[in-house]
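Step one of this worksheet: look at the structure below.
Just so you know, all these numbers are worked out from the coordinates, no wet-lab data involved. None of the values given here were measured: they were computed from a predicted structure.
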Amino acid sequence: FTLPSFPYVFKIIKDVFGASKNMDRATVKRKYLMVKHVDRVGRMADTLEFSYAALPLARFHPELLQELRTLAPSSFEIDGDKVIIKHLYIERRMIPLNLHLEKASEPELEEAVKEYGNAIRELAIANIFPGDMLWKNFGVTRYGRVVFYDYDEIEYMTDMNFRKIPPAPYEEMEMSGEPWYSAGPMDVFPEEFATFLLGVPRVRKAFLKHHRDLLAPKFWQEAQRRIREGYVEDFFPYPVELRFCKLFPPAAGAASS
Ligand SMILES: Nc1ncnc2c1ncn2[C@@H]1O[C@H](COP(=O)(O)OP(=O)(O)O)[C@@H](O)[C@H]1O
Ligand SMILES: [Mg+2]
């Protein structure tokens, strides 16, 4: 939840997760801690973790209190005129990417989709697989940068198994809508991403223009190989015009970004 007057969001772990989600409180906490320990490469929001945070009850909309009672009753109590949240994460508020795309003009949309793919790409190179790459799990910062913020399903790239979809044993099977291949818990089929992520035609078009390679296993396997070989990429969160290296250009022959 958030406050219109405060540029942060408050995140509470629910008491009950949807039946389809194989998730629990300890796992969520572990994943948020993992983000504290890795290089966020400018593509994951930082979180501040609080215990027993007291917020004024008067600022809570009744609907929000009701939602808290339903979804997270163990996480808060009301003490006089304060709501005491037993555990929460605070994070910079961004514009959720799905909402940004709905309102975006064509050039804005192309820029945001390009940024989205770059965020996924850079995280992969830095050994992070986001897990749930739906548009609503990314935000757009004040500077138009796309940043990931839903850490529940995050994994190390090197723990994943990126696979090509095996050919169907016979043609009808491919049309049946039923999968003909089984998937282990760490298996990922990049060829499936388009089905889940690129349902909106103009988004699909922009994505294919800039990031088609993310839809095949090769990019992911290659990224894993480079990580395993110990290759550490440099990331530059600011465009080159804003960087000091403009004043101190790299020596001739040195790599530039
Ligand atoms: N930093 C943020 N700024 C703005 N909105 C956010 C932020 N973090 C989350 N949200 C909103 O809350 C929703 C749920 O948050 P998320 O971290 O994805 O948790 P969940 O595990 O419930 O999906 C997001 O889809 C988005 O709409
Ligand atoms: Mg989410």
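Mean separation of Cα pairs under 8 Å and 6 or more residues apart, divided by the residue count, gives the chain a relative contact order of 18 percent. Annotation: the antiparallel percentage among DSSP beta bridges lying fully within the chain is about 90.
Shape summary of the stretch 20-96, radius of gyration then Dmax from alpha carbon positions: 14.7, 42 Å.
By its C-alpha gyration tensor, with a ≥ b ≥ c as the square roots of the eigenvalues, how is the stretch 95-240 shaped: rounded for a/c under 1.5, else prolate for a/b larger than b/c, else oblate? Because a/c hits 1.5 or more and a/b fails to exceed b/c, the stretch 95-240 counts as oblate. In order along the stretch 140-149, the Karplus-derived 3J(HN,Hα) couplings, from 6.51 cos²θ - 1.76 cosθ + 1.60 at θ = phi - 60°, round to 10, 7, 4, 9, x, 7, 9, 10, 8, 9 Hz, and Gly and Pro are given as x. Under 5 Å between amide hydrogens, built in the peptide plane, is the criterion, and for ALA72 it picks out ASP15 among residues at least 5 positions away or on other chains. Can you tell me the orientation of helix 106-125 relative to the chain, as the angle in degrees between its alpha-carbon axis and the longest Cα principal axis, to the nearest 10? Between the helix axis and the principal axis of the chain, the angle is about 80 degrees. Set against the 2.2 N^0.38 Å expectation for a compact globular protein, the chain has a Cα radius of gyration ratio of 1.16. For MET44, the residues 5 or more places off, or on other chains, whose built amide H falls under 5 Å of its own are PHE148. Residues in the stretch 184-193 carry Karplus couplings, in order, of x, x, 9, 7, 10, 10, x, 5, 7, 4 Hz; the curve used is 6.51 cos²θ - 1.76 cosθ + 1.60 with θ = phi - 60°, and Gly or Pro positions show x.
Within a straight-line Cα-Cα reach of under 19 Å, LYS31 can be paired with the following lysines, leaving aside sequence neighbours fewer than 8 residues apart in one chain: LYS11, LYS14, LYS21, LYS86, LYS136.
Taking only the C-alpha atoms of the stretch 73-146, the Rg (one decimal) and the largest Cα-Cα distance, Dmax (whole number), read 16.9, 51 Å.
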